[in-house]
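Structure first, then comments.
No value in this document is a laboratory result; all are computed from the given coordinates. This one's a predicted model, so the numbers in the text were calculated from it and none came from an experiment. For neighbour counting, all protein chains shown are included, and Cβ atoms are generated from backbone atoms with ideal geometry for every residue, glycine included.
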Amino acid sequence: MDKLFERFARAVDGMAGIGGYPHTGRHQEWLDRLEVNLPELSVLDELRPQPELGYLTQPHADITSGGIPISHDDDDGGGIAAIARAARAAPARAAESAKTALAAARQQSDLRAFISLADEKTLDESAASAARRLREGAPMPLMGVPLAIKDLMAVAGFPQTDGSGGPMPQPSTHDAEVVARLRNAGALVIGTTNLHELAYGITSQNPHNGWVVNPRGSEYIPGGSSGGSAAAVAAGIVRLALGTDTAGSIRLPASCCGVVGFKPSFDAVPRNGAQTLGASLDHIGPIAASVADAALAYSIMAGQHASTVSGESLAGLRVGIPLNYFFDPLSADVARAVSAVLERMRGDGAELVEIEFPGVENSAALQFVTLCSEATDHHWQRLCERPETLGADVRVRLEMGQFLPATWYVRAQRGRAALAAMFETASRGVDVLLTPTLRIEPPRSNVSAPKLGNRTIPLHTAITSLTMPFNLTGMPALTMPCGNGDNGLPIGVQIAGRRGDDWRVLNVSARLEALLAINPWRRIS
């Protein structure tokens, strides 16, 4: 790795010049950041995927059925469906839950979970519009449900800041497609949530809007990049929020904050109107108080009939348990918590099947080169013209993309094709996969290299290494709380499935949630 670092040290200034990057004199900042990711770069330098695999472009997934349609008057047992049912029964009071959520958001402003908030008048107007559509015969499955949106998506009436610096933009005149679908179903947006700038980071320590606070422990990271959305759910402000996930940015904060986060199959949910970070890796999904809440929201986000989960017994379910990479290394408390989950599943009739996943250890390298290249390309004009509006960590990460050879990017895409094929082959004999969500419990906010056993590892390795493989392959994956670590912070378990098996992942997760009997949501009085 020393020789590779020397190659970069000699070349970065010249490469910046070739690309026409106008901001020189940052040689040391570039090398300091490159050194952090030298292990990933070293893998790509040596990796030689099979040329015949071609260049990976993820096709749209065909989502298999499996949700249970919700009828207008179903007794659904609670959650956002119950909020909607009460609002449909009394349309004149449809804004009440959203106003309560808005008051809770203001009361807990010290969490810095929100960038912009609605006002009562806007909520009343939106609720009145929903009531008119209900009278016209629209089913309104989310009538009156309070909703928070990650400030990376267009929301009519709110400025879309992407969590970044510079002048405050004018309020959007339209909704992102997924926001429009939820609003058309009757949801009421109470505000847009804080995030790691441009969604390019895992701590949600935002230099422009303040650091998001983890409601479970203020000294610990809430995870990122959708930290504000996860914090809003964990604090009991809303039961439903939207996030985006490029390397784990829905599941990581959901795990750190002890709530449910679901990353659907790639492009099962439309991304129109959302800011791009890594075009071939980005996903939109729900962060919610329960699996049932996430499932109902997902069905509407994906353009399906409003549906919920079955929660059937796991008897006969084949659960794939990776023998390599995902369970080694783990902190002792994470290992204990996930082992207890496996015993609960076995006790409910599931069959645990051990599987090898050869090549998955290259995921971090494939992810780094893919995301770094795509993010730099997308934000190149901003980087050249207005770098002073970017936080220091995001600016240098965006600058990194100009130093990665195009051959490495193409090599990474072939590597992704190999990874996807490997997952498909290795998991043919099972129904879902189960892994920890993070290798460690949520770390303290001031820790850049946490300890794992007797060694110190980079924060991004400890946090993202178990989630990013499912962004690379486009497979659906959900995290849910399964206990607490030695520091008292939540531990998450991750359930993943083959592409298109979104409802199987949701149904299995709902049953597991019932077995664990963990309620992550608390309403603030």
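Numerical summary
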item: Debye log10 I(q)/I(0) at q = 0.17 Å⁻¹ for segment 371-525, Cα point scatterers; result: -1.19
item: Net length gained if the chain between E35 and N454 were fully extended (0.36 nm per residue, minus Cα distance); result: 148.7 nm
item: Environment charge at G228 (Cβ cut-off 14 Å; Lys +1, Arg +1, Asp -1, Glu -1); result: -2
item: Computed [θ] at 222 nm, deg cm²/dmol, the chain (DSSP H ≥ 4; -39,500 (n - 2.57); rounded to nearest 500); result: -12000 deg cm²/dmol
item: Cα-based shape type of segment 210-324, given that a ≥ b ≥ c are square roots of the gyration tensor eigenvalues and the cut on a/c is 1.5; result: rounded
item: Inter-label distance for E356 and N519, nm, one decimal - labels placed 7 Å from Cα along Cα-to-Cβ; result: 4.6 nm
item: Centre separation in Å (Cα based) which lies between segment 194-245 and segment 289-320; result: 24 Å
item: Computed FRET value (nearest 0.05) for S109 with E219, which takes r as the C-beta separation and R₀ as 22 Å; result: 0.70
item: Share antiparallel - DSSP beta bridges, the chain, percent rounded to 5; result: 70 percent
item: Theoretical gain in end-to-end length, A340 to T173 [0.36 nm per residue, Cα-Cα removed]; result: 55.2 nm
item: Size-normalised alpha-carbon gyration radius of segment 461-517, reference 2.2 N^0.38 Å; result: 1.23
item: Label-to-label distance, nm, for residues given as D393 and E120 (7 Å Cα→Cβ offset); result: 3.8 nm
item: Segment 278-373: C-alpha gyration tensor shape, a/c 1.5 cut-off, then a/b vs b/c; result: oblate
item: Principal axis dimensions, largest first and in whole angstrom, of segment 302-434 by Cα; result: 59, 37, 33
item: Taking only Cα atoms of segment 68-179, radius of gyration then Dmax in Å; result: 15.4, 48
item: Extension reserve of the D328-T407 stretch, reckoned as 0.36 nm per residue once the Cα distance is removed; result: 25.3 nm
item: Segment 102-159-segment 446-468 distance, computed between alpha-carbon centres (Å); result: 36 Å
